[in-house]
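Asks: For reference, the structure I am asking about is given below.
The values are calculated or read from the model by the stated rules, or taken from the named source; none is laboratory data. As the structure is a prediction and not an experimental result, all values here were calculated from the model. Every residue, glycine as well, gets a Cβ built from its backbone with ideal geometry; the counts of neighbours run over all protein chains shown. SASA here: full protein model, heavy atoms, side chains in, ligands and nucleic acids out. Shrake-Rupley method; radii C 1.70, N 1.55, O 1.52, S 1.80 Å.
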Amino acid sequence: MKTFPNLLGALACSVLLWAAAPARADDAQALRTEVAAERVRAPAPQYPRAAFEASRALQSVRLSPDGRHVAYLRQLGQQRSLWLLPTAGGAARQLLPRTEAEALYWSRDGRWLFAKTTRRTLVTLEIGGHGGMRIDLDNPRGMLRVDPSQPAAVLLRERVRTPTGERWRVVRRDARGKRTLLWEDQRFIHDVALDARGRLVALMRFDGDHDALYRIDSNGHLREALRWTIIRDQAQLLAATPQGDLLLDSDAGGNFRRVLRLDRDNVLHTVHADPRGEADLDQVVLDPATQQPAVVSYRSTVAATYGLGTAQPQVAAITKQFPGRDIGISIAAAAWLVSERASTMRDARWYLYDPRNGRLRRILEQEAKVPPPPPETALARKLPFAYRASDGMQVRGFLLLPPGADPARVPLVAQVHGGSINHFHAGDYDGIAQLLVNRGYAVFESNFRGSTGHGRDYALSPHGDYGNGRVQQDIVEGVRYLLAQGIGDKERVGIVGHSFGGYSTLLGVTFQPDLFKVGVAGAPPADFGWSMHWLHAFGNQGARPDRSLTAQLRLLGVDVDDAASYAHLRAQSPLANAGKLRRPVLLIAGGEDRTVPIRAVIHYAAVLRRLGKPVSLYVEADGGHSPTEPLPREAYVYLMEAMLHRYLGGAKPEPPSPALHDYLKPALRIVDKDIDFLEKRGQSRLLR
């Protein structure tokens, strides 16, 4: 299924004010047309829960720079292996029968693979089988990138602790372990660029309350070229040209992320931006031979991929063969690698493209799965639409409808994304949404103000109103807009979400009980201000050296150190308003969550329980912020299914298997008297 949103702390990610774009006069009519098309589709049968879980059999599929091989990880049960497929034809061969690798990177010469593991280790592997070694990383983000100036080397970021504080080094490590120090700095270094000789010519670092891009002259002196206000993942150094220009992925000098060229006089030029004028750049692919941008993708309202320079006609020819799909392309001289994805496609498909004759060949077809994915004809299309908030701002979202159903008669579920610095993507498959649609629900996904993907101004537009204010109203007004369009039964509306989405869920059932009849909240912070304090002091965001969480929250309009701001958040929190709750809510939490502490969720559940409110609590004892293993993930969606079935009347979920039943029994800490999650074996009303 879709990866669970990770990080309420991502709310503290960067973003930088928004002017409302005019809504198209035909937006409502366009939505009605799309809804009518869904209405005449053939209804889908009910598929088992497991059919919606996206396959993890193929991971980190990577084309070598010379185009001669495709490397990939294959997952079979709990065992992961590393494979190599020759693009010229023939069978794949196994390089490693067992590996802990989670991501693969090719060396520039195509002879070595760098495999990054979850244990802060980088493994080098010569594809001919003649050598390799392990390189320990001293921090989770220790790898910067593959060194484009060397045949086989990577650039690493190392932390050095000194009596006066931390220092940061940029180090080159070649595939056989040779170490070269390139730079040392007292500031955290985000990214670097090198010239063809391997000399560091630019770096991006965090300078206390902002990020800055510096050029490095021949004497090793820094000269500031650009600066941004506390950004993270909003800028990337792509390459340095022989002429001394720097290529960037950034929103510098504008609202949207785009491909930029910073010339030698530090003047910015736009190389490519979204032709539709509504989306941030999502991905840039460089030509490995020239280090020039060759392919760009934008993924917000629609998923669109374009070619640059000499790659333009070929990329256009490829995308023409996959209308309506989300296409990813990696290029090399001998072959190109093409991925095909869609909101109705559970598992990606992979192809090799021959740039000489324009032919596509399917590769890496997965073995038969049990159960197989539902056919695309049975899945819901993501229907993009726009609506006006009550203050005039245009808000975007997606609607998923059960094929063949009368849209006015189905229950409606608002699914809120995490972050909140995040967004629903047009081309993403969402297993939870598709399962709910298959159970007979319409699903609304709002990219409310504060979401990414539509420019930094839009992402900053909430101005700190994260309580029962503008952000929440965008979601509420989106639901009411759909109801007014004849979509959804107004008496059967629910709200679900994880992390920030869980927080929004609690706000919904607390402050909008006339609208939302039930809520399912994963990893929810019931007191947003307190949670931000905790996250900074003890959580997985507080000790990061690349930004100040407090400063970023202030940029977003949330100042938890200000008494008035903190009091405002507290007054609007679900915890402070627990007495108002009168709709049933299911809380889902991880015992080892380092983003939203388990004690905060348990405390909120205890307060509700003491007040006699309809609450159920499930705890994955050793789980983190989001469930990752198959059984906890199934438990999550089964409990959601059961809760929504009980209160909104969607299809009844298949009973839990014996393994799931036994797993759930101790994990259900509180069960409301009106819900029976374990009826299969008569084990209801646990832990009264």
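Asks: So E620 passes all but one of these: (1) modelled with pLDDT under 95; (2) farther than 21 Å from L507 by Cβ; (3) of a type in the set (D, E). Which condition number does it fail?
Replies: Single failed check for E620: (1).
Asks: For segment 327-369, give me every one of the strands (runs of 3 or more DSSP E) that falls completely inside it and has 1 or more residues that are of a type in the set (S, T, Y). Show your work before the answer.
Replies: On the way: elements: 336-341, 349-354, 359-363.
Answer list for segment 327-369: 336-341, 349-354.
Asks: Within segment 610-625, count every residue that is more than 25 Å from the chain's Cα centre (by Cα) and open to solvent by less than 60 Å² (accessible area, probe 1.4 Å).
Replies: Step one: list which residues in segment 610-625 are more than 25 Å from the chain's Cα centre (by Cα), which gives 610-617.
This time we only want the ones that are open to solvent by less than 60 Å² (accessible area, probe 1.4 Å), so: 613-617.
Residues meeting the conditions: 5.
Asks: Quick one: count up the residues across segment 418-457 that are in a helix (DSSP H, G or I) and among the acidic types (D, E).
Replies: So the count comes out to 1.
Asks: Taking segment 513-535 as the region of interest, how many residues are modelled with pLDDT of 95 or more and open to solvent by 10 Å² or more (accessible area, probe 1.4 Å)?
Replies: Total satisfying the criteria: 3.
Asks: Give me the pairs, please: first residue somewhere in segment 186-204 and assigned to a strand (DSSP E or B), second residue anywhere and among the hydroxyl-bearing types (S, T, Y), beta-carbon distance under 8 Å, and either six or more positions apart or on two chains.
Replies: L194/S149; A202/Y214; L203/Y214; M204/Y214
Asks: From the list R381, R359, which one is among the basic types (K, R), open to solvent by 40 Å² or more (accessible area, probe 1.4 Å), within 29 Å of S64 (Cβ to Cβ) and at pLDDT 95 or above?
Replies: R359
Asks: Continuing with this model, one more query. Which residues, counting only those in segment 53-65, are modelled with pLDDT of 95 or more and either closer than 22 Å to A433 by Cα or over 22 Å from the mean Cα position of the chain (by Cα) (or both)?
Replies: L63, S64, P65
Asks: Which one of the conditions (1) surrounded by fewer than 20 Cβ atoms within 10 Å (Cβ to Cβ); (2) under 23 Å from Y105 (Cβ atoms); (3) within 21 Å of the chain's Cα centre (by Cα) does M345 fail to meet, given that it meets all the rest?
Replies: Failed condition: (2).
Asks: Of everything in segment 660-675, what is of a type in the set (K, R) and in a strand (DSSP E or B)? Give them in sequence order.
Replies: Going through segment 660-675, the residues of a type in the set (K, R) turn out to be 665, 669, 673.
Listed by number, the list holds a single entry, R669.
Asks: When the residues of segment 161-205 are narrowed to those that are of a type in the set (V, I, T) and at pLDDT below 90, which ends up nearest to P288 (Cα to Cα)?
Replies: T162
Asks: Give me the pairs: first residue in segment 42-66 and over 27 Å from L631 (Cβ atoms), second residue modelled with pLDDT of 95 or more and surrounded by fewer than 17 Cβ atoms within 10 Å (Cβ to Cβ), beta-carbon distance under 8 Å, and six or more apart or on different chains, which are they?
Replies: Every condition considered, the pairs that remain are A42/T377; A42/G404; P43/G404; P65/D109; D66/D109.
Asks: Identify, please: which residue in segment 276-327 is surrounded by 14 or more Cβ atoms within 10 Å (Cβ to Cβ) and among the basic types (K, R) and is, among those, farthest from W350 (Cα to Cα)?
Replies: Filtering segment 276-327 for residues that are surrounded by 14 or more Cβ atoms within 10 Å (Cβ to Cβ) and among the basic types (K, R), the one farthest from W350 (Cα to Cα) comes out as R299.
Asks: Output the number of the condition that P402 fails; it satisfies all remaining conditions of (1) part of a loop (DSSP other than H, G, I, E, B); (2) in contact with a Ser or Thr (Cβ under 7 Å, 6 or more places away or on another chain).
Replies: (2)
Asks: Tell me, please, whether a residue that is more than 18 Å from D457 (Cα to Cα), of a type outside the set (F, W, Y), surrounded by fewer than 18 Cβ atoms within 10 Å (Cβ to Cβ) and more than 29 Å from the chain's Cα centre (by Cα) can be found in segment 186-195.
Replies: Yes, because at least one residue in segment 186-195 is more than 18 Å from D457 (Cα to Cα), of a type outside the set (F, W, Y), surrounded by fewer than 18 Cβ atoms within 10 Å (Cβ to Cβ) and more than 29 Å from the chain's Cα centre (by Cα).
Asks: Right, another one. Can you tell me which residues in segment 575-609 are touching a Ser or Thr at 6+ places or on another chain (Cβ under 7 Å) and surrounded by fewer than 19 Cβ atoms within 10 Å (Cβ to Cβ)?
Replies: Listed by number, the residues that qualify are N577, K580.
Asks: Of the residues G254, G220, only one is part of a loop (DSSP other than H, G, I, E, B), more than 29 Å from the chain's Cα centre (by Cα) and modelled with pLDDT under 95; which?
Replies: Being part of a loop (DSSP other than H, G, I, E, B), more than 29 Å from the chain's Cα centre (by Cα) and modelled with pLDDT under 95 holds for just one of G254, G220, which is G220.
Asks: Restricting segment 458-498 to residues that are part of a strand (DSSP E or B) and among the β-branched types (V, I, T), which is farthest from D527 (Cα to Cα)?
Replies: The selected residue is V493.
Asks: Which of the residues that make up segment 118-136 are open to solvent by 10 Å² or more (accessible area, probe 1.4 Å) and either polar (S, T, N, Q) or under 24 Å from the mean Cα position of the chain (by Cα) (or both)?
Replies: Within segment 118-136, T118, R119, R120, T121 qualify.
Asks: Any idea how many residues of segment 450-477 are open to solvent by 10 Å² or more (accessible area, probe 1.4 Å), among the charged types (D, E, K, R) and in contact with a strand residue (DSSP E or B) (Cβ under 9 Å, 6 or more places away or on another chain)?
Replies: So the count comes out to 1.
Asks: Given the criterion more than 24 Å from Y351 (Cβ to Cβ) and of a type in the set (A, V, I, L, M), identify the matching residue among A57, A101, A50.
Replies: Step by step, each of A57, A101, A50 is checked, and only A50 is more than 24 Å from Y351 (Cβ to Cβ) and of a type in the set (A, V, I, L, M).
Asks: Where residues in segment 228-247 are within 19 Å of R299 (Cβ to Cβ) and open to solvent by less than 30 Å² (accessible area, probe 1.4 Å), which of them is modelled with the highest pLDDT?
Replies: By that ranking, first place goes to L238.
Asks: So, A225, is that one touching a Lys or Arg at 6+ places or on another chain (Cβ under 7 Å), modelled with pLDDT under 95 and of a type in the set (G, A, S) or not?
Replies: Judged against the criteria, A225 is not a match.
Asks: I would also like to ask the following. Kindly provide the set of residues from segment 137-159 that are assigned to a strand (DSSP E or B) and open to solvent by less than 30 Å² (accessible area, probe 1.4 Å), ordered by number.
Replies: Once the filter is applied, which keeps residues that are assigned to a strand (DSSP E or B) and open to solvent by less than 30 Å² (accessible area, probe 1.4 Å), segment 137-159 yields M143, A153, V154, L155, L156, R157.
Asks: What pairs come out if I take residues in segment 514-532 that are closer than 18 Å to G557 by Cβ and pair them with residues that are basic (K, R) and open to solvent by 10 Å² or more (accessible area, probe 1.4 Å) whose C-beta lies under 6 Å away, six or more apart or interchain?
Replies: If the second residue must be basic (K, R) and open to solvent by 10 Å² or more (accessible area, probe 1.4 Å), the pairs left are G529/R570.
Asks: Another one. What is the one condition in (1) in contact with a strand residue (DSSP E or B) (Cβ under 8 Å, 6 or more places away or on another chain); (2) open to solvent by 20 Å² or more (accessible area, probe 1.4 Å) that R264 does not satisfy?
Replies: The failed condition is (1).
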